[in-house]
Amino acid sequence: MNSGSIIIEVPVAKIKISPLGFHHYGSEFLRTGRTFNKAKEGFSPVPYYLYSRAIELLLKAFLLSKGISKEELKKKKSFGHDLMKALNKARLLGIDDIVEITLEEEKEVKKANAYYAEKEFEYFEILNTVNGYPDLPDLEVLKELASKLAEKLEQVCLNA
């Protein structure tokens, strides 16, 4: 007996949330970095941290989409918070086919990594404060790279 109801059967879908979740969080750090209002005078590590964190999470989103486990990404000896380790592995897995990362961008990521991997943008370091944080990366370059990664990797993460 048909009561006028329509039955739709939907096949089971398998969705990897991790790459998309990492992409989402990376994009949030990027958006926050874009809205950060720097103090009129003095240095603030906040925008450096925000863009570095965005880059880390977006690179890790790509790595997750290529089968690297979240557990492996967390290991300090494998990746930890080392931007260059993540970038180098992403290059080995083909990120350059999706996002053009210039030598200038890589150079600025390397500069950021010198502070970021050691959490020096998060924790107050008196020597860096006194010395004026020598060899800081160009914030505009970090922002542009994070923006490119967010834009170009979104579909990769959706497809993972």
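Some observations on this one:
- Hey, E41 among the charged types (D, E, K, R), touching a His at 6+ places or on another chain (Cβ under 9 Å) and either modelled with pLDDT under 95 or closer than 21 Å to K148 by Cβ (or both) or not: no
- The residues on offer are K152, K148, and the sole one that is more than 13 Å from A61 (Cβ to Cβ), modelled with pLDDT of 95 or more and in a helix (DSSP H, G or I) is K148.
- For I98, the test of being under 22 Å from E151 (Cα atoms), surrounded by fewer than 20 Cβ atoms within 10 Å (Cβ to Cβ) and β-branched (V, I, T) is passed.
- Here is the figure for the stretch 84-141: residues that are more than 18 Å from the chain's Cα centre (by Cα) and among the charged types (D, E, K, R) total 2.
- Hey, E154 under 26 Å from L20 (Cα atoms) and either charged (D, E, K, R) or surrounded by fewer than 12 Cβ atoms within 10 Å (Cβ to Cβ) (or both) or not: yes
- Within the stretch 61-93, restricting attention to residues that are part of a loop (DSSP other than H, G, I, E, B) and loosely packed, with under 12 Cβ neighbours inside 10 Å, the residue that is modelled with the highest pLDDT is G67.
Okay, residues lined up against (1) in a helix (DSSP H, G or I); (2) among the charged types (D, E, K, R):
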site	(1), (2)
E100	no, yes
E104	yes, yes
E108	yes, yes
K111	yes, yes
Y115	yes, no
K119	no, yes
F124	no, no
L127	yes, no
D135	no, yes
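The values are calculated or read from the model by the stated rules, or taken from the named source; none is laboratory data. Keep in mind that what you see is a predicted model, and the values were worked out from it rather than measured. Ideal geometry is used to build each Cβ from the backbone, glycine not excepted, and the neighbour counts take in all protein chains shown.
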